[in-house]
Amino acid sequence: MNSLIAQTAPPLSPLAGQRLARGVARALRAMDFVTVEEMIPTQGLRVDLMALGPKGELWVIECKSGVADFRADQKWQFYLGFCDRFFWAVDADFPSHILPQDTGLILADAYDAQIIRMAPHTPLAGARRKALVHKFARQAALRLHALRDPGVGALIG
């Protein structure tokens, strides 16, 4: 084995971000939020996790498995127009000081999460909120339907 490769950190699992999303979703559920992973708020954007709160608030959470993942993210600022609050979710080993201070911060693992810094509240316009809640509901219902009846996709499309 090449000694240079042996000295580098082991590669992160491709599922690391999904494990963070699961822990965040569990913690948010305890706060009476419901979530959809890989939510598409508009064409060309896909957020890691969108949460819908009990009063209709919408949060976007971007899960970052490492510094390279964070630095490669060129779209996160576009997500700000599709939520009331924006958060980063990272694990305890992530150097959180590199994340923008005017965003929320969640420390997470695969089983739980804790909000460390609450994101600023920037309320969505009513029409955009209505459209996003509608998309959220449809994506959640379509995923539930696919779980209940996996062959339905072939019937409609």
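Identify the single condition in (1) without any contact (Cβ under 8 Å) to a residue 40 or more places away in the chain; (2) of a type in the set (D, E); (3) over 17 Å from I40 (Cβ atoms) that D73 does not satisfy, given that it satisfies every other one.
All conditions are met except number (3).
Give the residues of the stretch 84-119 that are in a loop (DSSP other than H, G, I, E, B) and either in contact with a Lys or Arg (Cβ under 7 Å, 6 or more places away or on another chain) or touching a residue at least 60 places away in the same chain (Cβ under 8 Å) (or both), sorted by residue number.
Listed by number, the residues that qualify are D91, F94, D109, A110, Y111, D112, A119.
Just one of (1) in a loop (DSSP other than H, G, I, E, B); (2) within 12 Å of the chain's Cα centre (by Cα) trips up M39, so point out which.
If we test M39 against (1) in a loop (DSSP other than H, G, I, E, B); (2) within 12 Å of the chain's Cα centre (by Cα), just (1) comes out false.
Would you tally the residues in the stretch 86-134 being in contact with a Pro (Cβ under 7 Å, 6 or more places away or on another chain) and closer than 18 Å to V47 by Cα? So that I can check it myself, show each step before the final result.
Applying the first criterion (in contact with a Pro (Cβ under 7 Å, 6 or more places away or on another chain)) to the stretch 86-134 yields 102, 132.
In the following step, the residues that additionally are closer than 18 Å to V47 by Cα were identified as 132.
Of the residues in the stretch 86-134, 1 are in contact with a Pro (Cβ under 7 Å, 6 or more places away or on another chain) and closer than 18 Å to V47 by Cα.
Which of the residues that make up the stretch 72-124 are at pLDDT below 95 and of a type in the set (K, R)?
Within the stretch 72-124, K75 is the sole residue that qualifies.
I'd like the full set of residues that are among the basic types (K, R) and buried (at least 22 other Cβ atoms within 10 Å of the Cβ), limited to the stretch 51-87.
Scanning the stretch 51-87 gives a single hit, K64.
Pairs please, first residue from the stretch 38-63 and over 17 Å from W88 (Cα atoms) and free of Cβ contacts under 8 Å to residues at least 40 places away in the same chain, second anywhere and basic (K, R) and buried (at least 23 other Cβ atoms within 10 Å of the Cβ), Cβ atoms under 6 Å, 6+ apart in sequence or on different chains.
Every condition considered, no pair remains.
Looking at the structure I just gave you, is Q43 loosely packed, with under 14 Cβ neighbours inside 10 Å, under 18 Å from R138 (Cβ atoms) and not hydrophobic (A, V, I, L, M, F, W, C)?
Numbers: loosely packed, with under 14 Cβ neighbours inside 10 Å: yes; under 18 Å from R138 (Cβ atoms): yes; not hydrophobic (A, V, I, L, M, F, W, C): yes.
Taking the combined requirement at face value, the residue satisfies it.
Hey, among the residues in the stretch 10-33 that are within 12 Å of the chain's Cα centre (by Cα) and in contact (Cβ under 8 Å) with a residue 60 or more places away in the chain, which one's surrounded by the most Cβ atoms within 10 Å (Cβ to Cβ)? Full working, then the answer.
Let us first name the residues in the stretch 10-33 that are within 12 Å of the chain's Cα centre (by Cα), namely 17-25, 28.
Remaining after also requiring in contact (Cβ under 8 Å) with a residue 60 or more places away in the chain: 19-24, 28.
Details: R19: 17, L20: 28, A21: 23, R22: 21, G23: 21, V24: 30, L28: 22.
For the stretch 10-33, the residue satisfying everything is V24.
The values are calculated or read from the model by the stated rules, or taken from the named source; none is laboratory data. Note that the structure is a prediction, hence the values are computed from the model and not measured. Positions of Cβ are generated from backbone atoms using ideal geometry, with glycine treated the same way; all protein chains shown enter the neighbour counts.
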